[in-house]
Amino acid sequence: MTAAGHPSPAGTPGRPIHVHHSLGDTDVNNLLRLLGRRLIALPFMAFGVTLLVYFLMSFSQYDPAVAALGENATPEALAAYRHEMGFDRPWWEQFFSYLGGLLHGDLGVYGVNKDSVGARIADAFPITLQLTFIGLLIAVVLAVIFGVLAALYRDTWVDQAIRVVSIIAIATPSFWLGVLLIYLLQIQLSWLPGAGELPAFTQDPTGYLARMAMPSFALGLPVAGSLTRIIRTSMVEELDKDYVRTAIGAGVPKRVVVARNVFRNALITPVTVLGMKIGYLMGGAIVIEVIFSLPGMGTAMFDGINNNQPMLVQGVVLVVALAFMVVNVIVDLLYVLINPRIRTV
């Protein structure tokens with residue numbers, strides 16, 4: 001209590017000012033309403049992506065029958081293949097037939113052996129998710145460490161050094177960094193493998209991590225650079241607010257205020273940006289997989305384009321787009337949970 005009998009604005013000395021933002025019934029209802037809106041919009045977005053991908057693939061000048069059977073196939077064999085696969089029908093009939101298959105979980109077949117697109121994606125998609133997750137983990141850990149250090153030691157040589165490194169990281173393309181890592185760590189030093197079979201983590205965790213180390217680092221470093229700058233800016237803005245000075249003036253250790261209040265409040269903007277960065281990571285993972293010969297979605301798409309297999313390309317693009325949309329829904333919900341000020345919006 002102050003001399004006037006009012007509660008001290010700083011709270012009890014030695015304890016941080018901490019406002020609990022628990023979820024009440026209204027907050028839960030608003031959260032469910034937001035989730036409902038996102039889930040309702042999801043099928044419409046998925047339909048639009050499917051239509052766009054199918055329409056663009058229809059402009060291909062290559063005959064999938066020739067790609068499957070070879071240039072030496074007889075006209076009769078080519079015609080029979082086109083009829084069996086439905087390529088001789090109008091594009092809109094093919095599209096609705098394809099859409100009907102999607103509703104039943106059938107992504108179609110490709111190639112002369114009529115391999116299942118769904119089976120190929122089921123094998124490839126987990127690898128892309130693993131690469132994206134590890135790259136994201138590397139980016140977040142590096143960004144949090146260096147972003148917080150840059151904010152706490154702002155305008156010092158530490159801040160300046162982190163700024164230079166983060167700018168270099170942002171300007172470095174993932175594919176170029178991947179090639180550089182292969183040259184240095186595989187060819188010159190023989191420290192890490194840049195190609196070869198990817199062992200299962202449960203069977204050979206050391207071999208798995210060694211195989212994923214270079215592609216994950218190449219994927220995550222540019223994102224770490226941009227997130228570092230964002231976290232540093234958010235932390236500096238939060239550190240300059242009155243409640244921080246009041247708490248420290250009341251005797252609360254600065255590290256406690258930073259850990260319990262400043263850091264959480266500063267996460268609002270980075271989490272929003274992180275949702276967009278996940279899409280970048282998934283897109284970058286597709287390129288990185290080709291460079292490092294990982295059997296993920298990127299390699300599947302590359303094979304589909306190389307061998308003129310439109311059904312495979314369509315399936316890969318559709319699944320990646322759906323995954324990106326689902327991730328953005330999750331990020332929207334996390335944003336609402338972290339930022340209580342918009343729960344009533």
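Points worth noting:
- The listed residues are W176, W191, and the only one of them that is at pLDDT 90 or above and not in a helix (DSSP H, G or I) turns out to be W191.
- Only listed residue being exposed (fewer than 15 other Cβ atoms within 10 Å of the Cβ) and modelled with pLDDT of 80 or more, chosen from D88, D123: D123
- Condition broken by A247, with the remaining ones in (1) at pLDDT 80 or above; (2) in a helix (DSSP H, G or I); (3) out of contact with any Gly (no Cβ under 8 Å at 6 or more places or on another chain) satisfied: (3)
- Selection status of N265, more than 26 Å from the chain's Cα centre (by Cα) and among the polar types (S, T, N, Q): no
- Filter result (open to solvent by less than 70 Å² (accessible area, probe 1.4 Å) and more than 19 Å from V117 (Cβ to Cβ)) within region 76-85: A77, L78, A79, A80
- Restricting V257, V271, V331 to those that are over 18 Å from the mean Cα position of the chain (by Cα) and either within 30 Å of V53 (Cα to Cα) or surrounded by 21 or more Cβ atoms within 10 Å (Cβ to Cβ) (or both) reduces the list to V257.
- Residue that is farthest from V319 (Cα to Cα), among those in region 63-93 that are over 36 Å from the mean Cα position of the chain (by Cα), outside any helix (DSSP H, G or I) and of a type in the set (D, E, K, R): E71
- A single member of F96, F133, F146 is in a helix (DSSP H, G or I), open to solvent by 70 Å² or more (accessible area, probe 1.4 Å) and in contact with a Ser or Thr (Cβ under 8 Å, 6 or more places away or on another chain), and it is F146.
The values are calculated or read from the model by the stated rules, or taken from the named source; none is laboratory data. In this text, all values refer to a predicted model and were calculated from it rather than measured experimentally. When we count neighbours, we look across all protein chains shown, and the Cβ atoms used for this are built from the backbone with ideal geometry, even at glycine. For the accessible areas, the whole protein counts, side chains as well, though only heavy atoms, and no ligand, DNA or RNA atoms are used. Shrake-Rupley method; radii C 1.70, N 1.55, O 1.52, S 1.80 Å.
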